[in-house]
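Below you'll find the structure, written out as structure tokens, and then a few comments.
The values are calculated or read from the model by the stated rules, or taken from the named source; none is laboratory data. Everything numeric here is computed off the predicted structure, so don't read it as measured data. Quick reminder, even Gly has a Cβ in these numbers, built from the backbone with ideal geometry, and neighbours come from all protein chains shown.
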Amino acid sequence: MARALRIEEQPRVRTRSQELAELADPELAAATLAGDGRAFTVLADRYHGRLLNFVHRMIGDRHRAEDLVQETFVRVHKHLHRYDQNRKFSTWAYTIAGNLAKNELRNRSRNPLVLFQTLKKNWDADHRPLEWEDARNKPDDLYRKRDLRAKVEEVVAELPEHHREVFVLRELEGKTYEEIAAITGVNLGTVKSRLNRARNAFGEKIAPLID
Amino acid sequence: MDCREFLLRYSDYDDSLLPAHEAARFRAHMAECPSCARYDRVLRKGRMVARQIPEPEPSPDFLPRLQLRLREVRSRRRWPGARLAAGLAAVTVLVVAASAVSVLDVPGTASSAPETAVGGATPAVTSSTASGAPAPPTRVRPASASVRRAVTALPAVEPDSPRGWMAKEVAPAVVASYSPLETGPPSYRRRLPSSRGPTDSERRALD
């Protein structure tokens with residue numbers, strides 16, 4: 001009589017979701033275009049956390065950031081047939097999310113006074129000389145008692161928009177210079193220049209808190 | 001190296017984009033300049049703290065909401081003209097109603113006046129009777145009130161207008177005997193036992 005297979009001998013049956021989770025981004029995109037709706041859900045699940053962090057750091061509003069990330073995926077789904085599989089999917093998704101975040105910030109600054117202040121802030125950030133405070137200044141003890149992470153978060157949020165974007169992409173999202181250039185649509189030299197200024201402004205503001 | 005060059009090229013050093021001998025110049029400058037050394041220290045620590053900032057968690061219903069939105073988008077794509085088709089259908093019904101009322105309202109044919117005998121028809125109408133026999137007296141059913149309300153704004157059809165030829169060609173008996181909106185054309189009406197059938201005289205006129 002044939003012996004029944006023990007559990008460990010039985011062939012493992014993988015679900016479709018498990019199979020999809022092991023596919024790379026271009027393969028998931030191809031599966032979505034072929035009509036497999038679950039493939040796109042896996043793709044969205046892979047990136048929605050990271051995109052939410054990026055957009056939240058850009059606009060400072062967590063709930064609105066989630067709406068914009070939803071809109072990002074809807075647009076990705078709509079234009080998936082145009083996705084170049086030779087490029088990184090994440091770069092494309094970040095580009096769309098970044099543009100939506102910038103539009104959101106632009107819409108908020110419709111007030112002429114707010115717009116003027118934003119433009120002035122951005123101009124100053126790009127044109128004032130790089131400088132660093134005197135090492136002889138001691139950090140204020142009051143700042144030490146505050147929540148350092150909260151303060152650092154505030155400092156990041158106060159960076160000018162175009163500096164904040166490259167700072168978040170580089171320092172928090174770990175993107176390379178080439179990826180940042182592709183996402184922001186500017187050349188490598190501009191990315192380096194903006195990142196340098198962003199770091200300079202960031203360091204100047206957090207120095208009393210840290211050292 | 002001076003502090004100005006240090007600040008200008010710090011990102012290249014920080015991201016390890018410099019050749020070994022250039023990176024060594026930076027380290028040598030930091031060994032001599034406490035201010036620039038502090039700058040490097042502050043940025044490294046600040047970056048570490050920034051990476052510890054809690055990241056926002058997506059809502060638990062983020063993916064289900066996204067799937068719902070994508071389903072809506074897909075159904076809109078499958079039926080892109082659904083709303084347009086509904087609108088066109090409504091416009092078509094109105095145009096048919098307007099045509100029916102305009103046919104009923106053409107001067108010289110069965111008028112919209114209630115219970116009007118059309119024995120003394122105008123020459124235009126009389127000539128349309130194929131056999132030349134005098135048109136039998138007909139009882140004209142007025143257009144329903146809803147149809148009349150719908151087309152009150154439409155201009156009256158002139159006999160010589162493109163629609164006017166319809167009124168001239170159609171025999172008054174046929175015009176009087178049915179309204180497409182109310183009882184349908186004769187062939188259609190025969191299939192409906194509940195609708196009023198033509199009288200014998202009317203049927204002879206149709207033949």
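Some values worked out for this structure:
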{"read-out": "Scan of region A:72-84 for residues that are free of Cβ contacts under 8 Å to residues at least 40 places away in the same chain, over 14 Å from B:P64 (Cα atoms) and either of a type in the set (K, R) or crowded, with 16+ Cβ neighbours inside 10 Å (or both), ordered by number", "value": "A:T72, A:R75, A:V76, A:K78, A:R82"}
{"read-out": "Unmet criterion (only one of (1) in contact with a helix residue (DSSP H, G or I) (Cβ under 7 Å, 6 or more places away or on another chain); (2) assigned to a helix (DSSP H, G or I)) for A:Q85", "value": "(2)"}
{"read-out": "Contacts under 9 angstrom Cβ, first residue in region B:56-68 being under 11 Å from A:T41 (Cβ atoms), partner part of a helix (DSSP H, G or I) and hydroxyl-bearing (S, T, Y), 6 or more apart", "value": "B:L63/A:T41; B:L66/A:T41; B:Q67/A:T41"}
{"read-out": "Failed condition for B:V49, given (1) within 12 Å of chain A (Cβ to nearest Cβ); (2) hydrophobic (A, V, I, L, M, F, W, C); (3) more than 25 Å from A:L169 (Cα to Cα)", "value": "(3)"}
{"read-out": "Region B:10-21, subset without any contact (Cβ under 8 Å) to a residue 12 or more places away in the chain and under 26 Å from A:H127 (Cα atoms), residue nearest to the other protein chains (Cβ to nearest Cβ)", "value": "B:S11"}
{"read-out": "Verdict on A:T118 being in a helix (DSSP H, G or I) and at pLDDT 75 or above", "value": "no"}
{"read-out": "Top-ranked residue in region A:185-207 [being hydrophobic (A, V, I, L, M, F, W, C) and free of Cβ contacts under 8 Å to residues at least 12 places away in the same chain; ranked as nearest to the other protein chains (Cβ to nearest Cβ)]", "value": "A:L188"}
{"read-out": "Test: residue in region B:25-34 that is within 9 Å of chain A (Cβ to nearest Cβ) and modelled with pLDDT of 90 or more", "value": "yes"}
